[in-house]
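The values are calculated or read from the model by the stated rules, or taken from the named source; none is laboratory data. Not measured: the values here are computed from a predicted model. All Cβ positions, glycine included, derive from the backbone under ideal geometry; neighbour counts span all protein chains shown.
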Amino acid sequence: MQTAPAVLRTSAYTVSVADNKLVSDVSFDQSGYSEFKYGSTENVPRYSQELVRLGELFHLKSSEIVVTGTPFRRAPNSAHFLALGVTLVLQKLGMNVHYEPIYQQVIPAGDYSYMSSRERAERNKSKRYCFDKESFTDKHVIVVDDMRVTGSIEKSVTDMLQQSTRPLSTTCLSLVQVDSEAAKINPEIEGYINHFSMNSLEAIAGMMQRPKSQHCVNARLVKRVLEQEDACEVNNFFDMLNPAQTRSIYDAIIQDGLDKTHKYQQNFKTLLAYL
């Protein structure tokens, strides 16, 4: 039996915890990253260029490459935009590369970023993916993620690809890497980083309403709205949005089938009143 090629890993920024405080690279903009996680695409070109530079991918210049992000159902996640950005940078460098998504069949309730290592591993083990196997077979594969904490998602994706396709090589590019010791003790640190500046629906709506804002509704934003327990905050959020933004959130909910989730019914009904 042929041994699967080793998985190479590279990250642009590293964060850790010291004296109960978050410590990160000087160049890591926590506010900008938090906005990115909730749909801002303004920093995607810079993030993508940095990942390509650090990934040292130029030895693949004469090879066929496929880039993918971590799985989503229909409403895209932030890794999707990052993977598209990496693809564009590589294409501009004259490389033979295309983007190929991996879809997740079901979106479970709950915020993954606040889960323990055990909960993450159990959730990722039960996930079912849908993708075009031929697109990954005998290609050099680049898997792009926004943050690597325990590596559980990365492992589920790379294991699946190596078992069901024959990638010539697999490279994992993560924008942010949480220090392994910090991740082991407190994987929920991801939730703090994600919500650093986007710590309320009001803050998210304010970001979306900024003049010349580059924003796309993503899966994280949609679930954040649906899981908000404060009814007043949900109403205030939709009061701040324009009709097109409200419709985009509705469309994303329907695409992911989240309107069928029992715990989301009340906030979904609130949304319907704004259409």
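Structure data summary
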| quantity | calculated |
| --- | --- |
| The stretch 232-264, subset closer than 27 Å to Val44 by Cα and among the small types (Gly, Ala, Ser), residue surrounded by the fewest Cβ atoms within 10 Å (Cβ to Cβ) | Ala244 |
| Qualifying residue in the stretch 182-196 (condition: touching a residue at least 40 places away in the same chain (Cβ under 8 Å), of a type in the set (S, T, N, Q), closer than 22 Å to Arg73 by Cα and touching a Ser or Thr at 6+ places or on another chain (Cβ under 8 Å)) | yes |
| Qualifying residue in the stretch 61-76 (condition: assigned to a helix (DSSP H, G or I) and either surrounded by 23 or more Cβ atoms within 10 Å (Cβ to Cβ) or assigned by TED's automatic domain parsing to the domain that holds Ser180 (or both)) | no |
| Selected residue (criterion: farthest from the chain's Cα centre (by Cα)) from residues of the stretch 222-262 that are acidic (Asp, Glu) and closer than 16 Å to Arg74 by Cα | Asp259 |
| Residue match in the stretch 219-231 (condition: crowded, with 21+ Cβ neighbours inside 10 Å, modelled with pLDDT of 90 or more, β-branched (Val, Ile, Thr) and in the same structural domain as Ile102 (by TED's automatic domain parsing)) | no |
